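For reference, the structure is listed below as structure tokens.
Since every read-out is calculated from the coordinates, none of them should be taken as a lab result. Keep in mind that what you see is a predicted model, and the values were worked out from it rather than measured. Note that each Cβ is placed from the backbone with ideal geometry, even for glycine, and that neighbours are counted across all protein chains shown.
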Amino acid sequence: MSHPAASVPAVTIRVPAKVNVQLAVGPPRADGYHDLANVFLAVGLQDRVTARPAPRLSITCAGPGSALVPLDGTNLAARAAELLAAHTGRERADVHLHIDKDIPVAGGMAGGSADGAAALLACAELWGTGTPREELLELAGRLGSDVPFAIVGGAALGLGRGELLTPLPVGGTFHWVFALADGGLSTPEVYRECDRLRGEDPAPAPEASPALLAALRDGDAYALAGALSNDLQPAAISLRPSLEDVLEAGSAAGALAGLVSGSGPTCAFLAPDAPTAARIATVLEGSGTCRAARATTSPAPGAGVLTISGA
């Protein structure tokens, strides 16, 4: 439901992080991107984005890692506001966006994309645009490959650059631990390293793993552990060899499986239950291999309205 801006001085959207339980990467395309078979799973680490009327577009940010978040036009939240304003015929994106961070910054968990998705929905609600969901998803795809999934949430197979989504059934709750690294890894650099490591070997056309899709559908953590895969992991480890130590520490602590999340440098560990996840997080934090460790669950819902403050 849309509301006229005069009666809606603040809209807050909550939006989830993601983990790629499969990331199959095809060869480079003519446009510089790669075709993907990207199985997204939304997890319970969430950012909140609040939109309020303002004379001009501005952004503030608070929370862990917020000092690393750009507060100019390069921020995906700002780009989302400008894109929606142009799409709906507004003269300018007259909004203040405040981001409360809980998704790790520069961690391969699509925090920036999540904020872009949340800003898109928040501005649509604040301005009363009435933009249909399918149009919002199309706009999200223009902002970045991971942005549409932040709106959809749950689990989905992303094809193309990852933006062409098919929702997937999930039959249970999965327990995760995310080991957070200091600093980030450049996603384009990781893809370039992936291409370099492959050399002249032709990359197969990316396809979703039937075993992985079945494990998600059945809610089977042990089967999912055996099917996790990330074609970018060798490249991420090549650029940051210390990730091997993180993966070994998580496995030794009792994880069913671990992998680099997306382009890294966060590592994701699948646990059989909540107590084991808590123990893995504690061991990882004391191992000296990561900056911090967070336990959470999946699937999580996509971006949605948390609060609307009336006049």
field: Residues of the range 228-246 with amide N under 14 Å of a point placed 7 Å along Cα→Cβ from Ala211
entry: 228-230
task: Rounded to whole Hz and in sequence order, give me ³J(HN,Hα) for the range 13-22 from the Karplus expression 6.51 cos²θ - 1.76 cosθ + 1.60, θ = phi - 60°, writing x for Gly and Pro.
output: 10, 9, 8, x, 7, 9, 10, 8, 7, 9
For the range 230-311, the fraction of alpha-carbon pairs in successive 5 Å shells from zero, as %: 3, 15, 23, 20, 15, 9, 6, 4, 3, 2, 1
C-alpha center-to-center spacing [the range 119-173, the range 191-237] in angstrom: 23
- request: Going by C-beta contacts inside 10 Å, put Leu306, Leu197 in order with the fewest on the left.
  value: Leu197, Leu306
- request: Arrange the peptides 262-268, 131-137 so that the one whose residues have, on average, the most other Cβ atoms within 10 Å appears first.
  value: 262-268, 131-137
task: Please give the length that would be gained between Glu91 and Ser251 if that part of the chain were fully extended, namely 0.36 nm times their separation in residues minus their C-alpha to C-alpha distance (nm, one decimal).
output: 52.2 nm
message: Could you tell me how many cubic angstrom of Cα convex hull volume the range 1-106 has per residue?
response: 155
- prompt: Which three lengths, in whole Å and largest first, does the chain cover when its Cα atoms are put on their principal axes?
  reply: 56, 45, 36
message: Let me check the size of the range 86-197 from its C-alpha atoms; what are the radius of gyration and Dmax in Å?
response: 16.2, 49
field: Shape box of the range 174-298 [Cα atoms, principal axes, largest first, Å]
entry: 45, 35, 20
